[in-house]
Amino acid sequence: MKMCSAEITPEYIDENIELSQARTLTGVLHLQDIQDIQTSGDIPFQSLMKTFDEGTILDFEFQGNSLELGILWKNHPPKPGTNEFTTIVIVARNIWWENIPDLPDPFW
């Protein structure tokens, strides 16, 4: 899963991680052998991307073999607006971040 953070200043980085030219953490989050996915709310995980037009990660924490994402969902017209927030917890055999500061972004 390719990911890019909001702009960040180097003094807030705990480790010696190189930032992209846009001063963001950019890279790939690897999830190997996913064992379980749990979501808060009434919408099943498989339906989230079909239900909403866009999601923004507000919370991102991983420790050991567990990843927790807090997603704020958004719809665009003609769909009605929404304030849906979902917590997704993914358990995998192995989770790691690959920092790639020069990873090209197809949307830029």
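The values are calculated or read from the model by the stated rules, or taken from the named source; none is laboratory data. Predicted model, so just to flag it, every value in this text is computed and none were measured. A quick note on method: Cβ atoms are made from the backbone with ideal geometry, for glycine too, and the neighbour counts reach across all protein chains shown.
For the stretch 3-45: of the residues being of a type in the set (A, V, I, L, M) and part of a loop (DSSP other than H, G, I, E, B), which is modelled with the lowest pLDDT? Only one residue tops the list, namely I13.
K79 falls short on exactly one of the conditions (1) touching a strand residue (DSSP E or B) at 6+ places or on another chain (Cβ under 8 Å); (2) not in a strand (DSSP E or B), and that condition is (1).
Checking the stated criteria, E54 turns out to be acidic (D, E) and within 25 Å of L103 (Cβ to Cβ). Number of residues in the stretch 66-99 that are buried (at least 16 other Cβ atoms within 10 Å of the Cβ) and farther than 19 Å from S40 by Cα equals 1. Which one is surrounded by the fewest Cβ atoms within 10 Å (Cβ to Cβ), of the residues in the stretch 1-40 that are over 25 Å from R93 (Cα atoms) and in contact (Cβ under 8 Å) with a residue 24 or more places away in the chain? If we take residues in the stretch 1-40 being over 25 Å from R93 (Cα atoms) and in contact (Cβ under 8 Å) with a residue 24 or more places away in the chain, then Q21 is surrounded by the fewest Cβ atoms within 10 Å (Cβ to Cβ). Here is the figure for the stretch 46-65: residues that are hydrophobic (A, V, I, L, M, F, W, C) and either outside any strand (DSSP E or B) or touching a Ser or Thr at 6+ places or on another chain (Cβ under 6 Å) (or both) total 3. Scanning the stretch 42-57 for residues that are more than 10 Å from I71 (Cβ to Cβ), surrounded by 12 or more Cβ atoms within 10 Å (Cβ to Cβ) and either polar (S, T, N, Q) or touching an Asp or Glu at 6+ places or on another chain (Cβ under 9 Å) (or both) turns up I43, T51. Of the residues in the stretch 98-105, at least one is outside any strand (DSSP E or B) and either free of Cβ contacts under 8 Å to residues at least 60 places away in the same chain or over 17 Å from C4 (Cβ atoms) (or both).
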